[in-house]
Amino acid sequence: MIAYGGDYNPEQWPEQTWADDVRLMREAGVTHVSLGIFSWSLLEPDEGVYTFDWLDRIMDLLAGGGVKVFLATPTASPPPWFGHRHPEALPVDADGRRWWHGSRQAFCPSSPIYREKALAIAEQLGRRYAGHPALAMWHVHNEYGCHNARCYCDASAAAFRAWLIDRYGTLDALNDAWGTAFWSQHYGDWEQILPPRITPSFANPAQQLDFRRFSSDALSALYRAERDLLRELAPGVPATTNFMGGSHWDIDYWSFAQEVDVVSTDHYLAGADPEPHVDLAFAADLTRSLKRDRPWLLMEHSTGAVNWQGLNRAKRPGEMHRNSVQHLARGADGIMFFQWRASRAGAEKWHSAMLPHAGTGTKIWREVVALGDLLREASDVAGSTVEADVAILLDWSSVWAQDHPAQPTDLLKPVEEIKRWHAELWRQGVTCDLAHPESDLSGYRLVLVPALYLVSDADAANLERFVEGGGVALVGPYSGIVDEHDRVRLGGYPGAWRDLLGVTVEEFFPLEAGETVPLAGGGAGTVWSEAARATTASVLDAYATGEPAWTRNEAGRGAAHYLTTLLAGEALARVLAAVCAEAGVATTDTPGVELVRRSHSDGRSFLFAVNHTDADAVVKATGTSLDGTPVDGRLTVPAGTARIVRERR
């Protein structure tokens, strides 16, 4: 079964609408809803006073209607009494300003009283609904760190110090890792250490990096505390929390994903993006990669416009369908929305929903019903996984380290560069995973490293093993530069991979905004250039000055390529096409038509073809379409539509 539905907030509506909701859910093919996400103030109207009668009734009604529930702990939004009685638990920013109740996520992740109250309401829910027939999974919290990823209060400072003691053991080790001999920052007592609050000049880079790591771990620890309690009260019921893969960079999802039973995520299109479906593919690939051998859930996306983008564009006819099939193609076993019924009040009243303000006589409703029919027909896709021969290395710690303002240029943005390489692969029809630098790379033909400024010794050795074992790698500029403490790797750049790449860089030459360096092979480099010399590598392209721009070095049974500048457009396409060809990775010649394959371990496979263009397209496929129509070699995909083929391979 493919889970289908969305967030359901019946407490926002008179109870007489609930039966109609369930009837319409059945009409739309809804199988699951997320319930109770923002209900804390109604479930616990005063501290220690609980009222579950309304939740009992809606749980029973949903069970009777055959709708399963991802039951949420409402801990993402403490009620007014919490901030009123415990103001010390409200978050504080780096400037020392306290944030107050009035929206959501108004709490410090390190606050002991917040943790106590969150576990109390979670325990009540666990005890009451553990055996309920509607309960399918626990939806713990909601979008951890979306608005309060870091808190700088005294409670956070104490928790940060405890985290550092656990990480380093001694002050000598910390002082060495942080390079505190610089600017007279040597610490003589743990109590002297604070979060990187506002300070006259640049904060210590390693201190800032460790605070980002600590803050991510603090949020993960809150999840684990609720999850462990719920596991004890309801053995066998899985638990998840909704990530924001591809758009939220404050939590290390590699680490957090190991704690959830099922990876789930929320994704919303960027309204100003001319190709939002390309960014969607990146977000879906990243989410799938967090546990790449298992399907995942799309916990939220939108049927139409959202409400926070300045200009909130409605989706055109067929766009919601294409978005949903894209997520399904890239590994989702659930297609869920925010939300079921559009709110009539509150900050998200202009956010689209499955059941819009205008009711069932609408484009959105017709598309919602049609999508429910499609997902029911495609139920045998559930449990299959996505095939990928290429991986892009990504590490949150590296992104955080490079985020420090004292860098050679602020124009070199790692996430943007990773997304640009992924987008070019998308245009060439190549499906790829994202991978942690220490993960098993043996199943890939090609590994790309667009922007990995920070690498540990283990990270570096892992890529070397991949190449020496016969793989092909392409490394982008300003990668391998520092160790895990943000300390420069001496002896010439690119530090960790100088020998693997057969290149030595003596100096960086960042470019002005709009400045380019022409390349002999055509096109130009932007943003960045390096004074490099090839030691053992061969030069495949060069600047007009003759210095290498693209090199290739043989190592063991494989090869490692290196770029000393940022490439765009045709120049990047040319390099990626070349390394794909060398690695034996197939590309396609149907630009704008997305082709992705999912397979079961028993050999059954499904080809997804999503046409994002305004012209009909023909792609190669053999098998049967969902309606049973034979497909013998050629499949027509009408403009703006998606097709799914059960393959015969």
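Relative contact order, whole percent, for the range 465-605 stands at 25, derived from Cα pairs under 8 Å and 6 or more residues apart. Considering only G271, V260, L286, whose Cα is most displaced toward the positive end of the charge dipole of the range 172-316, charges sitting on Cβ of Lys, Arg (+1) and Asp, Glu (-1)? Farthest towards the positive pole: G271.
Given a cut-off of 22 Å, what percent of all Cα-Cα pairs of the range 254-411 lie beyond it?
Looking at the range 254-411, the distances longer than 22 Å represent 50 percent of pairs.
Take each peptide in 589-595, 87-93, count the other Cβ atoms within 10 Å of every residue, and average; sorted highest first, the result is 87-93, 589-595.
In whole percent, what relative contact order does the chain give with Cα contacts below 8 Å and a gap of six or more residues? Don't jump to the answer; show the numbers that get you there.
Working: 1347 pairs, mean separation 66.3, N = 649.
Rounded, it is 10 percent for the chain.
Put simply, the amide H of A621, placed in the peptide plane, has neighbours under 5 Å in G633, R634, L635, leaving out anything fewer than 5 places away on its chain. Computed from point charges on the beta carbon alone (+1 for Lys and Arg, -1 for Asp and Glu), the dipole magnitude for the range 433-501 about its Cα centre is near 240 Debye.
Got a number for carbon plus sulfur as a percent of the chain's accessible area, 1.4 Å probe? Don't skip to the answer; put the middle values down first.
Values: 12720 of 25090 Å².
The value for the chain is 51 percent carbon and sulfur by accessible area.
Probing with 1.4 Å while keeping every protein chain in the model, the per residue accessible area of the chain equals 39 Å².
A DSSP coil position with no more than 16 other Cβ atoms inside 10 Å describes the following GluC sites (Glu not before Pro) in the range 1-48: E47.
Any idea what the dipole of the range 184-265 comes to, in debye rounded to 20, about its Cα centre with Lys/Arg Cβ at +1 and Asp/Glu Cβ at -1?
On the way: 6 positive and 11 negative charges, 38 e Å.
Magnitude of the dipole: close to 180 debye.
Local charge for D250 was computed over the other residues whose Cβ lies under 13 Å away, with Lys and Arg +1 and Asp and Glu -1, and equals -1. Summary of packing: across the peptides 357-364, 138-145, the per-residue average of other C-beta atoms within 10 Å ranks them, highest first, as 138-145, 357-364. For the pair the range 1-44 and the range 367-422, the centres of their Cα atoms are 29 angstrom apart. Checking the cross-link filter: which aspartates and glutamates have an alpha carbon closer than 12 Å to that of K363, excluding same-chain neighbours under 8 positions apart? Output for K363: E319.
Ranking L24, L425, H248 by how far each Cα lies toward the positive end of the dipole of the chain (charges on Cβ) leaves L24 at the top. Ligands, DNA and RNA excluded, the heavy atoms of R427 present near 100 Å² of accessible surface to a 1.4 Å solvent probe. Lacking any other cysteine beta-carbon closer than 4.7 Å, the following Cys residues of the chain have no compatible partner: C146, C153, C432, C580.
With the helix formula -39500 (n - 2.57) applied to DSSP H stretches of n ≥ 4, the chain reaches a computed 222 nm mean residue ellipticity of -9500 deg cm²/dmol. Accessible surface ranking for K291, K620, K349, 1.4 angstrom probe, highest first: K620, K349, K291. Helix hunt in the chain: which complete DSSP H runs extend at least 18 Å axially by C-alpha with mean Kyte-Doolittle at least 0.5? Both cut-offs are met by 569-583.
In percent, what relative contact order does the range 411-521 have, based on Cα pairs under 8 Å that are 6 or more apart in sequence?
Details: 121 pairs, mean separation 22.7, N = 111.
After rounding, I find 20 percent.
The values are calculated or read from the model by the stated rules, or taken from the named source; none is laboratory data. Fair warning: this is a prediction, and the values are worked out from it, not measured in the lab. FYI the Cβ positions are ideal-geometry reconstructions off the backbone, even for glycines, and counts take in every protein chain you see. All accessible areas refer to the heavy atoms of the entire protein, side chains included, with ligands and DNA or RNA removed. Shrake-Rupley method; radii C 1.70, N 1.55, O 1.52, S 1.80 Å.
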